[in-house]
Every structure is written in structure tokens, then in C-alpha cells.
1. Based on alpha-carbon positions alone, could you give the equivalent ellipsoid semi-axes of the chain from the gyration tensor, as √(5λ), descending, whole Å?
2. Run through all the Cα pairs of the range 33-120 and give the fraction in each 5 Å bin from 0, expressed as whole percent.
3. Excluding residues fewer than 8 places away in the same chain, name every one of the lysines whose C-alpha is closer than 20 Å to that of Lys156.
4. Highest first, please rank the peptides 121-132, 151-162, 173-184 by the mean number of other Cβ atoms sitting within 10 Å of their residues.
5. Could you bin all the Cα-Cα distances of the range 74-141 into 5 Å bins starting at 0 and give me the percent of pairs in each, rounded to whole numbers?
6. Percent antiparallel among DSSP beta bridges with both residues in the chain, to the nearest 5?
Amino acid sequence: MTKEQDAASIRIAPNGPYLVKGAIPITNSDGRVLTPPESYVLCRCGDSGTKPFCDGTHLHNSFDGTESADHGPVEARRFLYRTRDLTFYDDRSICAHAGFCTNNLAAVFKLGAEPWIVPDGAPADAIKSIIDRCPSGALSYAASNNIPDHRIELLKNGPIKVEGDVPLTSSDDSAYQTPPQCTLCRCGGSGNKPFCDGTHWGNGFTDG
């Protein structure tokens, strides 16, 4: 791990933006790789005129950045599922409802059903393939020990995907426990701030 990676962090400003340190590289939603400075500020209210960066609009648009996400330990938030060949987890508290699981492996991940996960519905490799595509980190599996390099990816008209073991600190200076991948709201409307809850699908948020 480089010195920059070791120093990487994200802090949430009260009713304001994400304060990013450690020169974490950014891939824009159009695929362009941005080369940021050591410290930079990402918009959280959804209305900046210089997206993805903050331009101070949150000071004038009545943005409410109140955080309501669970600060508790990951082990207490997630459900465990076990098959003969795979142990995997589901953490509903950080799900962005992107739909990769229910849209692509309905034999295991069942939209609108209870229980919504049928762990023996498909082979382990098929389940792993879907979990690897989960942008929010809500789904994970026990053998997945690879920690990716620090990186930020801006999903098209959607959230900020953060990869790597990047500490995330609340506006009250408490720490969130996050997996090696999570999605942070940038539309301003999530009911699970700072994490994305899929609200951007319906509130008209765009990158531009």
C-alpha cells in the first residue's frame, strides 16, 4: 500500500459535501479518468454546477444532509446464507437497489418475495458472479478476501462507488463500518444518507 493509499479517507461535512483525502483516483460516468489533487470535495446535494465536485450550492438550496444510516458493526447488520460450497452475506442497510441480483439471478434473488434469497437456487460460481457485480457491497461472500485499490467511480446518473479500504467518517466524527466497496448518495435524496438507497432512479438526478 502506498503512502497516499494509507492516508486515504472520506469525511462527511455537516449538510455539505464529501471531503476526500489521499488523491483517490476518480473514473467519471463517461469513462474518463480524472486526476484529482491530494484533497478534493465531492458534491452530495445533487445540484452542483461543477459535478462531481462541490461548488457550494448546498449552502443555498436548503439541502438536508442529515445522516440516518446504521453505524453499527457489519456483523450485526448482515444476514448469513450458507450452501455446501459457499457462505455469503446480505447487508440490507447499505443496499442501493441497483437490481443486478434480482434481474440476473432470479433463481436465488427474488424480487418482492419472502424469503427473498434462496441460497441453493443456483451453483456457487453463479452466485459469486452476481455478488461481484453488486456496486453497493451489500452482497459479499466469505472467500472474497481481495481488497481492491482505492478508487472512486461515478455511476451514470447515480451514486459514488467507493472501492478499497477507505475510512468513512460521519459529520459527527463517528466512523462508519463499510465493506471494501460501497455506494454513497450524490443525488441529495437518499433516505439512508450517506449511502445510496436508489432514490436517484425517481428524482430526476443527472450527472450534468
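1. Here the semi-axes work out to 29, 19, 16 Å.
2. 3, 10, 13, 14, 12, 13, 12, 12, 8, 2, 0
3. Within the straight-line limit of under 20 Å, Lys156 reaches these lysines: Lys51, Lys193.
4. Per-residue Cβ counts within 10 Å, averaged per peptide and sorted highest first, yield 151-162, 173-184, 121-132.
5. 4, 18, 32, 30, 14, 2
6. Antiparallel: roughly 90 percent of the beta bridges in the chain.
Here, each number is a calculation from the coordinates, and none is a lab measurement. None of these values were measured; they are calculated from a predicted model. In this analysis, Cβ positions are derived from the backbone assuming ideal geometry, glycine residues included, and neighbour counts consider all displayed protein chains.
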